[in-house]
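Undergrad: Supplied in structure tokens, the structure appears directly below.
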């Protein structure tokens, strides 16, 4: 009786130790990975702050703008003209110093960069310098949230359509390797080197300027229709050209990439063996071609989701689309550092969390991958 019980107990203890060992390995890996990603976020955000400020050059530009604005306002005012020269100059100096203090320019750049970094990491986005929301608020959080729906609408429709259509068409091409359509996609894939805003300009010239069937830009007609149905039609009409330009710029290259992955896995020996055993082609495709490509597909989809936040900076500007991309473009032109840092920190956090979660998702879809192994 003892001879039977003893191995069973040892086996139970061994399994328990293995389970705790695996849990400890995963926990240790997760903590290490989070720390590494957090350090990467800190470095990325600090570099963004330094680059956006151009090493202090932006400060000099802002000081010059403050000096010109204050001087012109006082000199051109009747009260300023009536003052003595010394009094007027002292007033100008005091006003300039007050404006520089209000904008934080009296603090050393290293200290300000450290404050920006600390506030950014805690998502304390602060107030914009020059930009305001439609409601008149200078809160960076409100400005970004106000522009977010427009970007999600444009980028969501275009990128999700591009993702799913590319996979379906690429899978179909991989079944008919070498036919006319396959060669056509390969030949047209270099057209993706052209940026979407370039396609957008041509689409505007053709469909807005020449044919006059679609609007030049904007999100809805001005003034916006009061009827919800008419508003939706107007929105859809304004959405067509920017969506087509975004899809067109990446369409053929995206199909080519997925088609190449499917072809690589379809030429493996185990696929030939499965076909030789007489398995249906759909089962072979699902189990032996699609499944190995899942990590790549999941990675592309995850990165696609977080890029919805950034928007299409130049494309949105070309089409006057009131999204985050156009907001970031305006912030760069106005040297509005809080807007630039706020947009960057949110994208950095989204990217870091996505990379962290992908490590665990890979282990679920691919048995060859072990977390912490």
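Undergrad: Do we find that residue 298 is buried (at least 18 other Cβ atoms within 10 Å of the Cβ), over 16 Å from the mean Cα position of the chain (by Cα) and closer than 24 Å to residue 174 by Cα in this structure?
TA: no
Undergrad: Anything in region 217-231 that is without any contact (Cβ under 8 Å) to a residue 40 or more places away in the chain and either in a loop (DSSP other than H, G, I, E, B) or exposed (fewer than 14 other Cβ atoms within 10 Å of the Cβ) (or both)? List them, or say none. Quick ask: steps written out before the conclusion?
TA: Pass one, region 217-231, residues without any contact (Cβ under 8 Å) to a residue 40 or more places away in the chain: 220-231.
Within region 217-231, 220, 221, 222, 223, 224, 225, 226, 227, 228, 229, 230 qualify.
Undergrad: Also, quick follow-up: If we keep just the residues of region 59-79 that are buried (at least 16 other Cβ atoms within 10 Å of the Cβ) and touching a helix residue (DSSP H, G or I) at 6+ places or on another chain (Cβ under 8 Å), which is nearest to residue 122 (Cα to Cα)?
TA: For region 59-79, the residue satisfying everything is 59.
Undergrad: Okay, next question. Examine region 142-150 for a residue that is in contact with a helix residue (DSSP H, G or I) (Cβ under 7 Å, 6 or more places away or on another chain) and assigned to a strand (DSSP E or B), and state whether such a residue exists.
TA: Checked region 142-150: no residue is in contact with a helix residue (DSSP H, G or I) (Cβ under 7 Å, 6 or more places away or on another chain) and assigned to a strand (DSSP E or B).
Undergrad: Keeping to region 192-247, report how many residues are assigned by TED's automatic domain parsing to the domain that holds residue 158 and over 22 Å from residue 314 (Cα atoms).
TA: Residues flagged as assigned by TED's automatic domain parsing to the domain that holds residue 158 and over 22 Å from residue 314 (Cα atoms) within region 192-247 amount to 0.
Undergrad: Hey, among 16, 93, which residue is over 28 Å from residue 117 (Cα atoms), modelled with pLDDT of 80 or more and under 44 Å from the mean Cα position of the chain (by Cα)?
TA: One residue alone meets the criteria, 93.
Undergrad: Now, a different point. What are the pairs with Cβ atoms under 9 angstrom where one residue, in region 167-196, is assigned to a helix (DSSP H, G or I) and the other, located anywhere, is loosely packed, with under 14 Cβ neighbours inside 10 Å and at pLDDT below 85? Sequence gap at least six, or different chains.
TA: Short answer, once both residue conditions are applied: 175/281; 182/176.
Undergrad: With the condition kept exactly as written, say whether any residue in region 189-203 is over 29 Å from the mean Cα position of the chain (by Cα) and on the phi < 0 side of the Ramachandran plot.
TA: Our first condition is that a residue be over 29 Å from the mean Cα position of the chain (by Cα); within region 189-203, this holds for none.
Within region 189-203, none of the residues are over 29 Å from the mean Cα position of the chain (by Cα) and on the phi < 0 side of the Ramachandran plot.
The values are calculated or read from the model by the stated rules, or taken from the named source; none is laboratory data. Bear in mind that the values here come from a model prediction, so they are computed numbers and not experimental data. So basically every Cβ, Gly included, is an ideal-geometry build from the backbone, and we count neighbours across all protein chains shown.
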